[in-house]
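Notes to accompany the following structure.
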Amino acid sequence: MVPPSSRTEILSLFRSFLRSARQFPDYNIREYAKRRIVDAFHDNKTLSSPSSVAAAFADGKYQLQVAKRQALVYSLYSPKTKSIMDIKY
Amino acid sequence: MAAVPVTCVRLTTSMHNNQIVRKNSTFMIVPMGRIERGFPCLRSSRFQIACAAKPETVTKVCEIVKTQLALSADSEVAPDSKFSALGADSLDTVEIVMTLEEEFGISVEEENSQNITTVQEAADLIEKLVEKKNETA
């Protein structure tokens, strides 16, 4: 039986998620990832029962691994030209 | 300091009396020119004030907080206002810290981010980390 995840654990999951989302080389995917992470955590903020919190936390951990893998794969095959939004004038 | 042995230096000056003046010096010490280093100025002698943060840092932090929390442009964000008082929960605080990290190019540790509750604290931490980054760079 896994003990219920504390506030600090969830916050550190949030931070690691945002950090790995920053590493995407593609502008669109990066922005989407940031939005999606914030929305997901906000939606699940009001969960009360410990089982649903634990399920959401486990799902979050799995998605974090997916995001990390994908960031690595994308950076291996990133296009040479950057998106226009990345170029600051 | 180099010592140049000069055995004989003959100076011939023709004066009306045909006098031969001979200067004989055995050793002539020639200073080669040692570079005297003055005060070593390797470190910047700037005094580090621990409590104060630069005002432009504080204004930048205020701007970011306003954008993140979607506050109107004329709402008061004082340096000592707490994030929770402005309507931010813990997720918003983490987001604000991440945006500050990106803006200033620093990396905030886990424990440090737990302690940030007001704008002033965030600005001070940013100053400290920027200092450290500029020192090691």
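So what is the relative contact order of chain A, in percent, for Cα pairs below 8 Å that sit 6 or more residues apart? Walk me through the intermediate numbers first.
On the way: 50 pairs, mean separation 38.8, N = 89.
Here the relative contact order equals 44 percent.
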Lysines within cross-link reach of residue A:68: Cα-Cα under 24 Å, excluding same-chain residues under 8 positions apart?
A:34, A:45, A:80, A:82
What value, in deg cm²/dmol to 500, does the helix sum -39500 (n - 2.57) over DSSP H runs of n ≥ 4 give at 222 nm once divided by the residues of chain A?
-23000 deg cm²/dmol
Karplus (6.51, -1.76, 1.60) ³J(HN,Hα), θ = phi - 60°, over the stretch B:101-114, in Hz, Gly and Pro reported as x
4, 5, 5, 9, x, 10, 10, 8, 6, 4, 5, 5, 6, 5
Backbone N under 17 Å from the residue A:76 label point (7 Å along Cα→Cβ), restricted to the stretch A:16-52
A:24-26
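Work out, step by step, the length gained on full extension between residue B:60 and residue B:110: first 0.36 nm times the residue separation, then minus their alpha carbon distance; give nm to one decimal.
Working: separation 50, 0.36 × 50 = 18.00 nm, distance 2.22 nm.
So the extension gain works out to 15.8 nm.
Every number in this text was worked out from the coordinates using simple rules, so none of it is lab data. Computed from a predicted model, the values in this text were never measured in an experiment. Because the Cβ atoms are built from the backbone with ideal geometry, glycine has one as well, and the counts that use them run over all protein chains shown.
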